[in-house]
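> Please find one structure pasted underneath; my questions will follow.
The values are calculated or read from the model by the stated rules, or taken from the named source; none is laboratory data. Not measured: the values here are computed from a predicted model. Because the Cβ atoms are built from the backbone with ideal geometry, glycine has one as well, and the counts that use them run over all protein chains shown.
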Amino acid sequence: MIRKLQRKFITVTMMSLFLVMLLLVGSINAINFYQMEHKVKGTLQVLSENQGKFPKFDHEKPPQKDPKFGFRMNEETPFETRYFTVKVNNEGSIQEIDTSHIAAVSSEDAVEYVDKVEKENETRGYLGIYKYAVVEQTSGTMIIFIDCRSQIQTITFFLLISCAVALATLLLVFLLVSIFSKRAMKPIVESMEKQKQFITDAGHEIKTPLAIISANADVLELTGGNNEWITSIRNQTSRLDKLVKHLLTLSKMEEGRIELVFTNFNLSEAITEIAESFRAMAEATNKKFYIEVAQGLTLNGDKSSIHQLVSTLLDNAMKYSDQEGTITITVSAAKKGIMLEVYNTVQEIDRSNLNRLFDRFYRADSSRSRETGGYGIGLSIAKSIVEAHHGKITVRSDDSKSICFTVII
């Protein structure tokens, strides 16, 4: 239980940190790419407005107060920017190729890039490491290509570095959380331990006065004869004794102090035998009882615990089904093991509180529970048994007039 709580604490912490790191790294890299993209757009805009050339830089002219797309030109810009241009007339023939501002592209390469742009049929986009723009002119079109090699390399390097730092941070935090989670959860663990110890101690202490009360009832019956008061004392003593046993069983299961003996046994035969013992009870109360168990199913588990699980679910269905209602137990093979379903009709049930049925002492109808002798703890024990077998138990109600418990082991 404590280890499960610790793992859940570590998982929630790491998932929260992962989402924060993902948002942080993603935002930084998105802003970085956005700035690069807008600077390239600004460069293309300047070149397209000046016939594929950079305007002469005027040292005396004040800098632009509103630079285009975040691009601000300086005296080094013409020498830093690698680009080439191709002019095409209205008939589709190439008029001029200017590759004087780039060394990696020849005139033949430039023609190939123009052919690719024409196939793309887009006015802006990327061809490999080159960002291009198609500019309409009176005599035709001019296609400008800018080499974005250095920008792409910088962005890629920054992305890899930021991801590596984020992963290293996650790993470091995981180690720290794993080390210090025990210390952080120490108050909770101590509180749970004290609660379990109290239940165990109280259970053992209550057994002694219960035995004395039962013995006194026997003496009273011998001396004064049986009467309704003695019968009531016996009933309440028996009820309290069962409740104490259930509490001790649940406490031991949560602490892992009950040693389950896992063996292979015929589950179909075991469940059929248990279910048949409830048939007479159902017939006595005019309830329809159906058993649908697939034959030949085997399970590696603790047979006595499985017996208690099935008995608890059937007993719960028998107690809380409506008058002349229907109870069905179904066992079949499933993808992840074996599926056990216990279905029963009810007069009415609140579907919003179904998951609370597994809480200790929770009863959907407290008045009926007292009449039927329920404690509101049986389903908690059933859940602990299923979890001890690494299974899962769920409950559903499709129409508020029936309830179905599903166990997958």
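> So, SER150, is that one touching a strand residue (DSSP E or B) at 6+ places or on another chain (Cβ under 8 Å) and among the polar types (S, T, N, Q) or not? Step through it out loud before you land on a result.
Working: touching a strand residue (DSSP E or B) at 6+ places or on another chain (Cβ under 8 Å): no; among the polar types (S, T, N, Q): yes.
Taking the combined requirement at face value, the residue does not satisfy it.
> State whether one or more residues within region 142-163 are assigned to a loop (DSSP other than H, G, I, E, B) and either assigned by TED's automatic domain parsing to the domain that holds PHE9 or loosely packed, with under 14 Cβ neighbours inside 10 Å (or both).
Scanning region 142-163, I find at least one residue that is assigned to a loop (DSSP other than H, G, I, E, B) and either assigned by TED's automatic domain parsing to the domain that holds PHE9 or loosely packed, with under 14 Cβ neighbours inside 10 Å (or both), so the answer is yes.
> Scan ILE338, ILE377, ILE381 and give me the residue that is buried (at least 18 other Cβ atoms within 10 Å of the Cβ), hydrophobic (A, V, I, L, M, F, W, C) and either over 29 Å from ASN300 (Cβ atoms) or at pLDDT 90 or above (or both).
ILE338
> How many residues are of a type in the set (Lys, Arg) and surrounded by 15 or more Cβ atoms within 10 Å (Cβ to Cβ) if we restrict to region 280-300? Talk me through it step by step, then tell me what you get.
Within region 280-300, the subset of a type in the set (Lys, Arg) is 287-288.
Within this subset, residues satisfying the condition of being surrounded by 15 or more Cβ atoms within 10 Å (Cβ to Cβ) are 287.
Of the residues in that region, 1 qualify.
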